[in-house]
C-alpha cells in the first residue's frame with residue numbers, strides 16, 4: 001500500500017521530487033517511450049519483464065536501468081547480441097545467454113528457493129534456444145530447472161532413458177518443432193502438468209511452427225497446456241508459477 005502521508009511529507013521536506021512522488025503514487029515509471037509497470041510484482045507475484053525485440057539498444061538500456069532501481073530481478077527476453085553488448089557495458093553483472101537471447105540481472109544469486117524441480121524437455125538440439133528461454137524464466141522464479149535435451153520421438157528410446165527424471169519433476173515444459181508430437185507422448189507417461197511449446201523448427205509444411213502448434217492443441221493426452229509458437233518465456237513462467245504454488249519457499 002502507498003503511504004500517502006509519507007510521500008507528501010517527503011515532498012514538503014525536499015527529500016522527494018514532485019516527479020518521484022508522482023511515480024510512487026501511480027506506480028508508473030514514465031520514460032516517454034515506455035510506461036513501466038512498477039507495481040506488477042505486488043499484483044501478480046513477478047515483476048515486469050522486458051521484451052527486447054524491436055527496441056533500440058538505448059531504449060532497452062533505459063528500461064533496464066529503471067527497473068533495476070525498483071526490482072530485485074530484471075529479466076529481458078529476445079535480446080540481440082548488439083543490444084547485449086551495450087547492456088553489459090553499463091551492467092557488467094548481467095548474465096547474457098546468447099543461445100536463449102536472455103539477459104538477467106539480480107541483486108542476489110539465482111539459486112533454488114524451494115524443493116523439487118522443473119523439467120524442460122527439448123525434442124531436438126534445434127529446439128534449445130526456446131527451451132533455454134524457458135529454463136532461465138523458471139530459474140527467475142526460484143526454481144531448480146533440469147534441461148533434458150534431444151529426446152524427440154524419432155529416437156524415443158532416448159526419452160525413456162530420462163523418463164524417471166521427467167516423472168519426478170513438479171512441472172514439465174516440452175519444446176518441440178517439426179510435428180510437435182513429444183508433448184503428447186510425455187503427457188501420456190506422467191502425472192504432472194505438461195506445458196507444450198511449439199517451435200518454428202521444421203521444413204516448409206511445418207509452416208513456421210503452426211503444424212506443431214496444431215498437434216499440441218489437438219493432443220489426445222490429458223494435462224497439456226499450450227503456449228504460443230517459440231514462447232519459451234510463457235512456458236517457463238507458467239512452470240515457475242506452478243512450482244511456487246505447489247512447493248513453499250525454503
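The values are calculated or read from the model by the stated rules, or taken from the named source; none is laboratory data. Bear in mind that the values here come from a model prediction, so they are computed numbers and not experimental data. Please note: Cβ atoms are built from the backbone with ideal geometry, for glycine as well, and neighbour counts cover all protein chains shown.
The table that follows gives values for the structure above.
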read-out: Subset of segment 204-213 [in contact (Cβ under 8 Å) with a residue 24 or more places away in the chain and either more than 23 Å from the chain's Cα centre (by Cα) or surrounded by fewer than 21 Cβ atoms within 10 Å (Cβ to Cβ) (or both)]; value: 206, 211
read-out: Residue match in segment 129-144 (condition: out of contact with any strand residue (DSSP E or B) (no Cβ under 6 Å at 6 or more places or on another chain), at pLDDT 95 or above, surrounded by fewer than 23 Cβ atoms within 10 Å (Cβ to Cβ) and within 24 Å of residue 203 (Cα to Cα)); value: yes
read-out: Selection status of residue 120, closer than 17 Å to residue 198 by Cβ, free of Cβ contacts under 8 Å to residues at least 60 places away in the same chain and touching a helix residue (DSSP H, G or I) at 6+ places or on another chain (Cβ under 6 Å); value: no
read-out: Unmet criterion (only one of (1) surrounded by 23 or more Cβ atoms within 10 Å (Cβ to Cβ); (2) touching a residue at least 40 places away in the same chain (Cβ under 8 Å)) for residue 196; value: (2)
read-out: Odd one out for residue 86 among (1) modelled with pLDDT of 85 or more; (2) touching a strand residue (DSSP E or B) at 6+ places or on another chain (Cβ under 6 Å); value: (2)
read-out: Number of the exception - residue 67 against (1) in contact (Cβ under 8 Å) with a residue 12 or more places away in the chain; (2) outside any helix (DSSP H, G or I); value: (2)
read-out: Selected residue [within 24 Å of the chain's Cα centre (by Cα), surrounded by fewer than 17 Cβ atoms within 10 Å (Cβ to Cβ) and within 13 Å of residue 122 (Cα to Cα)] from 230, 150, 191; value: 150
read-out: Criterion: farther than 18 Å from residue 231 by Cα and touching a residue at least 24 places away in the same chain (Cβ under 8 Å) - qualifying residue of 92, 112, 129; value: 112
read-out: Matching option when the condition is over 21 Å from residue 49 (Cα atoms), touching a residue at least 12 places away in the same chain (Cβ under 8 Å) and surrounded by fewer than 21 Cβ atoms within 10 Å (Cβ to Cβ), among 169, 221; value: 221
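A quick yes/no check of all residues on (1) within 19 Å of residue 96 (Cβ to Cβ); (2) surrounded by 14 or more Cβ atoms within 10 Å (Cβ to Cβ); (3) modelled with pLDDT of 65 or more:
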residue: 10; (1), (2), (3): no, yes, no
residue: 15; (1), (2), (3): no, no, no
residue: 41; (1), (2), (3): no, yes, yes
residue: 52; (1), (2), (3): yes, yes, yes
residue: 67; (1), (2), (3): yes, yes, yes
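Residue-wise test of (1) at pLDDT 85 or above; (2) part of a helix (DSSP H, G or I); (3) surrounded by 12 or more Cβ atoms within 10 Å (Cβ to Cβ); (4) not assigned by TED's automatic domain parsing to the domain that holds residue 232.
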site	(1), (2), (3), (4)
2	no, no, no, yes
21	no, yes, yes, yes
24	no, yes, yes, yes
59	yes, yes, yes, yes
100	yes, no, yes, yes
